[in-house]
Amino acid sequence: MDVDAIAVKMGGLHLSNPTVLASGVHGSSLSKVLQALKVGAGGAVTKSIGPVERQGYAEPTLVEVESGMVNAAGLPNPGAGRFSEQLAQVNGKGLPIIVSIFGGDDDEFSKVVKVLDGYDFAAYELNLSCPHVSGVGTEIGHYPEEVSKVTKAVKRGTGKPVFAKLSPNTDRLIEVARAAVDAGADGLTAINTVKAFPIDVESGRQSLSNGYGGLSGGAIRPIALRCVYELREEFDVPIMGCGGVGAWEHAVQFLLAGADAVQLGTSTIKKFEIFNDVNVGLISYMERKGFEKLGDLVGAAHRGGPRGGEG
Ligand SMILES: Cc1cc2nc3c(=O)[nH]c(=O)nc-3n(C[C@H](O)[C@H](O)[C@H](O)COP(=O)(O)O)c2cc1C
């Protein structure tokens, strides 16, 4: 099968394949993003960048649990000004880099866009969904009015595609997504981590310095699939599925649920070269099932399975 069969064109974003490095898992240095593209990812999302530098929380910020991990890093990042120095190094290369941004309100998001927009990257992802930092993330992303304001402000400041990254920690998923789409978002990313609170038996205390954190990895995949499935029932816009993708079968699950591409985070910690494995598995699945292009797979679960259940 031609490798072009798995290329993705969505909302103005062109990817050579549907695997994308998820935001933040490897910190805020651009080098891991570039490395992901080198080892086979079709796109890569940066750490979420805010208007000013943030140190993040004290250790411990990460704890392993069954089928995943819980993190509360506290969005450490160099701030838009210093991050732009890293972006300057890839100017003119036309790489499929997606810059994740966050802020406390529409003004702060606008400020970040103003600093970054002149640089060479493919799209924005709005972090409306971090579950463990007060004043940002879900404290905006659970409120459709705020999401609308932020999305409009970002769209006003850029001609690049804008993806809104959604939180699973709300019963207003569809309302929030609609607010983003109506305000001009070109696509959706689902999901960020699931709010969690791990406890350490020996100390008898919370495991993370922040107490609350976000659960990621295989444990959240069925939740993420549910979110993508529900979003695809309602919207025609591109969707990037995210949450517990660690093998080609998981990518197929997300595509069947309605995602156009998949992001991989936690699984890349154990194996950074996983993108290529997923693409190889995906191509051989498509050949076996008789899919000529990726688009034929997208959303097939809504139509009773591949080719109406025969495949
Ligand atoms: C250590 C760590 C840091 C993260 N940082 C960010 C971040 O800065 N911005 C963001 O939108 N998501 C962040 N995430 C969430 C991931 O991008 C992703 O949505 C989530 O981990 C689910 O995908 P996964 O199961 O493949 O890891 C982070 C996740 C982890 C584990």
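The values are calculated or read from the model by the stated rules, or taken from the named source; none is laboratory data. Small disclaimer: the values here were computed from a predicted structure and weren't measured. No Cβ is skipped: glycine too gets one built from the backbone with ideal geometry, and neighbour counts run over all protein chains shown. Only protein heavy atoms, including side chains, enter the accessible area calculation; ligands, DNA and RNA are left aside. Shrake-Rupley method; radii C 1.70, N 1.55, O 1.52, S 1.80 Å.
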Dividing the convex hull volume of the alpha carbon atoms of region 1-107 by its residue count, what do you get in Å³ per residue? 149 Å³
Would you mind checking which residues have amide H under 5 Å from Asp117's amide H? H placed 1.01 Å from N; only 5 or more apart, or other chain. none
So if I average 1/r over every pair of distinct C-alpha atoms in the chain and take the inverse, what Kirkwood radius in Å does that give? 19.2 Å
The chain: calculated mean residue ellipticity at 222 nm from DSSP helix runs of at least 4, using -39500 (n - 2.57): -9500 deg cm²/dmol
Restricting the count to DSSP beta bridges whose residues both fall in the chain, what percent are antiparallel, rounded to a multiple of 5? 40 percent
Mind ordering 219-229, 110-120, 181-191 by average Cβ neighbours within 10 Å, highest first? 181-191, 219-229, 110-120
Among Thr61, Val45, Pro144, whose Cα lies farthest out toward the positive end of the dipole of the chain, if unit charges sit on the beta carbon of Lys, Arg (+1) and Asp, Glu (-1)? Val45
Using alpha-carbon pairs under 8 Å, 6+ residues apart, how would you state the relative contact order of region 3-309 in percent? 18 percent
Any idea what % of Cα-Cα pairs in region 173-229 are farther than 16 Å? 58 percent
At most 16 other C-beta atoms within 10 Å and a DSSP loop state: those are the exposed GluC sites (Glu not before Pro) I care about. Give me the longest piece of the chain that has none. 67-201
Convex hull volume per residue for region 163-263, taking Cα atoms only, in Å³: 103 Å³
Relative contact order [Cα under 8 Å, 6+ residues apart], region 218-284, whole percent: 33 percent
What size of dipole, in debye to the nearest 20, comes out for region 3-309 about its Cα centre when the only charges are +1 on Lys and Arg C-beta atoms and -1 on Asp and Glu C-beta atoms? 460 debye
Whole-percent carbon and sulfur share, accessible surface of region 3-309, 1.4 Å: 48 percent
Check which residues have an amide H placed less than 5 Å from Ser100's amide H, if you skip close sequence neighbours. Thr46, Ile49, Glu125
Across all Cα atoms of region 57-127, Rg and the largest Cα-Cα distance (Dmax), in Å, are 14.9, 43
Order 31-40, 75-84 from most to least packed using the mean count of other Cβ atoms within 10 Å. 75-84, 31-40
So with the 1.4 Å probe, I'd like the accessible area per residue for region 3-309, rounded to whole Å². 40 Å²
